[in-house]
Amino acid sequence: MESTRIDRWLWAVRAFKTRTEASAACRGGHVRLNGARVKPAGSVRVGDRVTTRTRGRERILEVATVIDKRVGAPIAASCYVDHTPAAPPEDVGPVAFVRDPAAGRPTKRDRRRLDRVRGR
């Protein structure tokens, strides 16, 4: 097989759970083929770069093998080369002031700590 529809390929390599979801992402402009927006019927060939935006994260996939039927995860992973940059580490905020809910009314010292945590 030389080429296939991009929505079908995205579904087959498990980038999207359903083909309908892949088509909707293409129509919504969340899928790019070699830097250009693509419709669901756009053709994908070996060597093309597909950029998708799913769940708030961008994935960059290079087509290694063209498939149009959904296959197992290990086989699907061999059909593309993932060029997605590593996700930045999540920011861990300051430790919140924790009180036991059954401790009763906060003391003056506890109140000041709470205010400091809340930025007052």
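Go over the candidates Val38, Val81 one by one and state the one that is touching an Asp or Glu at 6+ places or on another chain (Cβ under 7 Å) and aliphatic (A, V, I, L, M).
Working: Val38 fails: touching an Asp or Glu at 6+ places or on another chain (Cβ under 7 Å).
None of the other options fit; the residue is Val81.
Do we find that Val66 is in contact (Cβ under 8 Å) with a residue 40 or more places away in the chain, surrounded by 13 or more Cβ atoms within 10 Å (Cβ to Cβ) and either under 18 Å from Thr18 (Cβ atoms) or aliphatic (A, V, I, L, M) (or both) in this structure?
So Val66 passes the test.
Residues that are under 30 Å from Asp115 (Cβ atoms) and loosely packed, with under 10 Cβ neighbours inside 10 Å: does the range 37-55 have at least one?
Going through the range 37-55, the residues under 30 Å from Asp115 (Cβ atoms) turn out to be none.
No: zero hits.
Which residues, counting only those in the range 20-34, are touching a Ser or Thr at 6+ places or on another chain (Cβ under 8 Å) and in a loop (DSSP other than H, G, I, E, B)?
The one that is touching a Ser or Thr at 6+ places or on another chain (Cβ under 8 Å) and in a loop (DSSP other than H, G, I, E, B): His30.
Only one of Arg55, Arg32 is under 14 Å from Ala22 (Cα atoms) and at pLDDT below 95; which? Give the derivation first.
Details: Arg32 fails: at pLDDT below 95.
The conditions single out Arg55.
Take Glu58 and tell me if it is in a strand (DSSP E or B), more than 14 Å from Thr4 (Cα to Cα), charged (D, E, K, R) and under 19 Å from the mean Cα position of the chain (by Cα). If you could, list the steps in order and put the result at the bottom.
Numbers: in a strand (DSSP E or B): yes; more than 14 Å from Thr4 (Cα to Cα): yes; charged (D, E, K, R): yes; under 19 Å from the mean Cα position of the chain (by Cα): yes.
Criteria met by Glu58.
Take Glu90 and tell me if it is more than 13 Å from the chain's Cα centre (by Cα) and either assigned to a strand (DSSP E or B) or surrounded by fewer than 17 Cβ atoms within 10 Å (Cβ to Cβ) (or both). Can you show your working first?
Working: more than 13 Å from the chain's Cα centre (by Cα): yes; either assigned to a strand (DSSP E or B) or surrounded by fewer than 17 Cβ atoms within 10 Å (Cβ to Cβ) (or both): yes.
Yes, satisfied.
Which of the residues spanning the range 69-87 are β-branched (Val, Ile, Thr) and either at pLDDT below 90 or not in a strand (DSSP E or B) (or both)?
Initial filter on the range 69-87 (β-branched (Val, Ile, Thr)): 71, 75, 81, 84.
Result: Val71, Ile75, Thr84.
So, Lys17, is that one surrounded by 13 or more Cβ atoms within 10 Å (Cβ to Cβ) and in a loop (DSSP other than H, G, I, E, B) or not?
no
Restricting to the range 37-54, give me the number of residues that are over 19 Å from the mean Cα position of the chain (by Cα) and in a strand (DSSP E or B).
3
Name the single residue that is nearest to Ser78 (Cα to Cα) among those in the range 15-45 being out of contact with any Gly (no Cβ under 9 Å at 6 or more places or on another chain) and of a type in the set (Lys, Arg).
The selected residue is Arg45.
The values are calculated or read from the model by the stated rules, or taken from the named source; none is laboratory data. Every value quoted in this text rests on a predicted model; they were computed, and no experiment measured them. Cβ: placed from backbone, ideal geometry, glycine included. Neighbour counts: every protein chain shown.
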